[in-house]
Amino acid sequence: MKLLILGGDDRLKYAAAKLVKYHDVYTYGLSAQDMLPDGKCDAAVLGLPASRDGININAPLCDRAIPITSLASFVKPGGIVMGGLVGVPLQRYCGENFLLCEDYYRDEAVMLKNAVPSAEGALAAGINATPVQMLGQNVLVLGFGRIASLLARYLVALGCNVTVAARSREKRVQAQTLGCRAVGFESLCNILPSVTLIYNTVPCAVLHDEELRAMSDDFVYIELASASGIDKDSMAKIRTRVINAQGLPSKTAPKTAGEILADSVLDILNNYDEGGGSNDNRT
């Protein structure tokens, strides 16, 4: 099968290196050695996210824009377009141009695997951002999903005093089984004065003026979620170190992350070869 890796970051370079063992792979928007194939491809693999603006393909390593509308010139009718966090504009375009559309990041296995380099990268960011050792440091983790649960496990292993804030009683119990203190978001003001490091994994504002006033002056806040956990109006008032650490796998473990994506692409292609396809994601 002829595949085109289109755009993406360093993860896609490593994904291409793995996929070339199984398919005829071309790349565009990744390096100076890119080469487009003669004729259209059977499938295109886009980055994570596939597009940031709904207009152009996400291609941070390319010196020119690659419009979503160019896909029909690269992929044959009935071909497959695969990407991560595929948005409505790309889905709609594929449907209108007789292309199948698959979101490889909707695969739970991919998200679970990707949580490991994300948590490891978050841990490294915290170690580098704080002026004290991790042993004995008071750390707050907001949320307790895939990444947060792994991160909490690593922090406990390093000897941190970890508090997890979660809405769900079940999540709080899970955090306690790891050796963490667990609270609801309504109790944050009681524990914030002693916290020196905060990790946020909740994609909405959970820290407002009241919580920020309760914090010490020298805490470090690391943002892992797709949207800030600090209220927008409150953000302008705080004097602290805020680190935006989204997309950590592409920065800290691009080979691992790229191979994870390649495995998902292979699973999708094998599914279609077997006459299946994904009814949830096909357009």
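The values are calculated or read from the model by the stated rules, or taken from the named source; none is laboratory data. Note that the structure is predicted; figures quoted are calculated from it, not measured. FYI the Cβ positions are ideal-geometry reconstructions off the backbone, even for glycines, and counts take in every protein chain you see. With ligands, DNA and RNA removed, areas are computed over all heavy atoms of the protein, side chains included. Shrake-Rupley method; radii C 1.70, N 1.55, O 1.52, S 1.80 Å.
Some values worked out for this structure:
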quantity: Subset of region 193-221 [in contact (Cβ under 8 Å) with a residue 40 or more places away in the chain, farther than 20 Å from LYS171 by Cα and either within 27 Å of the chain's Cα centre (by Cα) or buried (at least 20 other Cβ atoms within 10 Å of the Cβ) (or both)]; calculated: VAL195, THR196, LEU197, VAL220
quantity: Evaluation of ALA124 against (1) out of contact with any Ser or Thr (no Cβ under 7 Å at 6 or more places or on another chain); (2) among the hydrophobic types (A, V, I, L, M, F, W, C); (3) within 30 Å of GLY179 (Cβ to Cβ); (4) open to solvent by 40 Å² or more (accessible area, probe 1.4 Å) (one fails), failing number; calculated: (1)
quantity: Residue match in region 106-124 (condition: under 30 Å from LEU261 (Cβ atoms), among the aliphatic types (A, V, I, L, M), modelled with pLDDT under 95 and touching a Phe, Trp or Tyr at 6+ places or on another chain (Cβ under 8 Å)); calculated: yes
quantity: Search result, residues across region 147-159 that are more than 30 Å from ILE268 (Cβ to Cβ) and part of a helix (DSSP H, G or I); calculated: ALA152, ARG153, TYR154, LEU155, VAL156, ALA157
quantity: Region 1-40: number of residues that are part of a helix (DSSP H, G or I) and closer than 13 Å to ASN58 by Cα; calculated: 3
quantity: Candidate set from region 141-192 (those that are more than 25 Å from ALA124 (Cβ to Cβ) and crowded, with 16+ Cβ neighbours inside 10 Å); member that is modelled with the lowest pLDDT; calculated: LEU188
quantity: So ALA15, is it under 23 Å from the mean Cα position of the chain (by Cα), open to solvent by less than 60 Å² (accessible area, probe 1.4 Å) and either more than 21 Å from ASP273 (Cα to Cα) or not polar (S, T, N, Q) (or both); calculated: yes
